[in-house]
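Step one of this worksheet: look at the structure below.
The values are calculated or read from the model by the stated rules, or taken from the named source; none is laboratory data. If you're wondering where the values come from, they're calculated on a predicted model, not measured in any experiment. Every residue, glycine as well, gets a Cβ built from its backbone with ideal geometry; the counts of neighbours run over all protein chains shown.
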Amino acid sequence: MSNHASNHASNMLLLSRGRIIDASQGIDREGDLLLADGRIARVAPGGSIDVPAGTRRIDCGGKIIAPGLVDPHVHLREPGGESKETIKTGTASAIAGGFTTVCCMPNTVPAIDTTTTVRFVQQAAKEASSARVFVVAAATVGRKGEQLAPMAAMAAAGAVAFSDDGEGVANPAMMRRVLEVCASLGKTFMQHCQDAQLSEGGVMNEGPTATRLGLVPWPREAEEIMLERDVRLDRASRARYHAQHLSSGGSAAIIRRARAEGLPVSGEVSPHHLLLTDEACLGYNTQAKMNPPLRSARDIAQLKEAVADGTIDVLATDHAPHTAAEKARDFASAPFGIIGLDCALALYAKALIDDGVIGWPRLIELITHKPAQLCGLDARGIGTLREGSAGDVTVIDPNLEWTIDVSKFASKSRNCPFDGWRVRGRAVATILAGEVRFQLA
């Protein structure tokens, strides 16, 4: 073989005999996929691909070949929270979980509310050289809801969406202005739906468990009222509006009505809100302290129904790292949140596939094509296996049984209530720009 041919083969990777699932092209069929020079070179559903000798191969028999997974809602904590997570450790966690692209939230210290901070994150992500990181920038200065941040400048610098995540935009006049700017920029606004007055002091779901534990309740209306208000405000601007980490079945009903009306409104749900009720807080278990809080079995059923009927079409981890010392505080003063990137795929499968809510093709769509569309990343060839697109692929073994062990997570933090759970389904290879970045031994 000539040197040229062998060099070309070394730039190629063949994934053979796998079940290729790609919602962007309506593909669900066994076949081969070829990566070359960092891109998707050829997709052959129902067929095989001939390659030069020396080409690296991964036999994907019995496995799923999917676009690289996309998480539109993660907290990488940098700048300012490096004791909890860094861009380097957070993206390593993503790759280990099968995620090739993550969108990071702006509730850092300082907040991501200037072009300088946007560029800082981009540079740190480039140096980490792991998963792709896109910035969701703050809509208001310091995420305080009082003054518009330089949204157009940050969009020009590469911010893919806007959010004051961790804070809901309380002032309706400011919210209206934010939606108008998002509409003019063609960017999504991601709302943290929480009325601060209704939830003031609240640390867990309002109900018998909170009463039993003597903890301040946080009613579901705190989420629903802000969401209902925003939907009304969005009728004028028709900005792309996305409700983050839904916890209430009532919120799903609001989104269902908005979509029936033709409004560009969507919502996401996270693994913990599909698998755990507020009873996980018994024993003052701070690992189950979430924002928004874990709610009831009825809420879980309603959220699953919303996933099944297409009302909720994005899944996101809300990966929120905290140090062990912080989570060791008493329940009222411990921080909200859990980590999720390392184990999310199996938890989605447990909540939605094992329970018969949806099948693998739909699940793959909700963690690839749909979040990529939400943040405009589909235009960059992310969330798809189209020929010529970004060579990001996740190989999944849907039948692999394993036990979640937080001590083995790539994340810097360990705050996860699913430690020790027996689960099924795992990313066995994560390929970024044609290069294998993670492969399960």
| request: State which residue is surrounded by the fewest Cβ atoms within 10 Å (Cβ to Cβ) when the search covers only region 307-329 and only residues that are touching a strand residue (DSSP E or B) at 6+ places or on another chain (Cβ under 8 Å) and without any contact (Cβ under 8 Å) to a residue 60 or more places away in the chain. | output: Asp313
| task | Take region 80-119 and flag every residue that is small (Gly, Ala, Ser) and surrounded by fewer than 22 Cβ atoms within 10 Å (Cβ to Cβ). | result | Gly80, Gly81, Ser83
| Out of (1) in a loop (DSSP other than H, G, I, E, B); (2) buried (at least 24 other Cβ atoms within 10 Å of the Cβ); (3) not basic (Lys, Arg), what's the single condition that is false for Ala332? | (2)
| said: Show the residue pairs meeting these rules: Cβ distance below 8 Å; 6+ apart or different chains; first residue within region 202-216 and of a type in the set (Asp, Glu); second residue outside any helix (DSSP H, G or I). | reply: Glu206/Pro217; Glu206/Trp218; Glu206/Pro219; Glu206/Arg220
| query | Of these, Asp32, Asp59, Asp71, Asp28, which one is touching a Lys or Arg at 6+ places or on another chain (Cβ under 8 Å), surrounded by 18 or more Cβ atoms within 10 Å (Cβ to Cβ) and acidic (Asp, Glu)? | reply | Asp32
| query | Can you tell me how many residues in region 406-441 are of a type outside the set (Ser, Thr, Tyr), surrounded by fewer than 15 Cβ atoms within 10 Å (Cβ to Cβ) and at negative phi? | reply | 6
| query | Looking at Arg240, Arg232, which is the one that is touching a strand residue (DSSP E or B) at 6+ places or on another chain (Cβ under 9 Å), basic (Lys, Arg) and at negative phi? | reply | Arg240
| said: So the check is Cβ under 7 Å with 6+ separation or different chains; which pairs have a first residue in region 37-59 that's assigned to a strand (DSSP E or B) and a second one that's exposed (fewer than 13 other Cβ atoms within 10 Å of the Cβ) and not basic (Lys, Arg)? | reply: Arg39/Gly388; Ile40/Gly388
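Looking only at region 102-111, decide whether some residue is modelled with pLDDT of 95 or more, of a type in the set (A, V, I, L, M, F, W, C) and more than 30 Å from Ile364 (Cα to Cα).
Yes, that holds for at least one residue.
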| Conditions (1) more than 30 Å from Ala183 (Cα to Cα); (2) not in a loop (DSSP other than H, G, I, E, B); number of the one not met by Ile338 | (2)
| Within region 31-52, is even one residue within 18 Å of Cys343 (Cβ to Cβ), touching a Pro at 6+ places or on another chain (Cβ under 8 Å) and at pLDDT 95 or above? | no
| Can you name every residue in region 379-429 that is in a helix (DSSP H, G or I) and closer than 21 Å to Gly90 by Cβ? | Arg380, Val406, Ser407, Lys408
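Only one residue in Leu366, Leu385, Leu374 is more than 16 Å from the chain's Cα centre (by Cα), in contact (Cβ under 8 Å) with a residue 24 or more places away in the chain and under 30 Å from Phe189 (Cβ atoms). Which one?
Checking each option against the conditions leaves just Leu385.
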| field | Test result for Gly359, buried (at least 24 other Cβ atoms within 10 Å of the Cβ), small (Gly, Ala, Ser), more than 17 Å from the chain's Cα centre (by Cα) and under 20 Å from Arg29 (Cα atoms) | value | no
| request: Could you grab me the full set of residues in region 93-114 that are within 12 Å of the chain's Cα centre (by Cα) and part of a loop (DSSP other than H, G, I, E, B)? | output: Gly97, Gly98, Met105
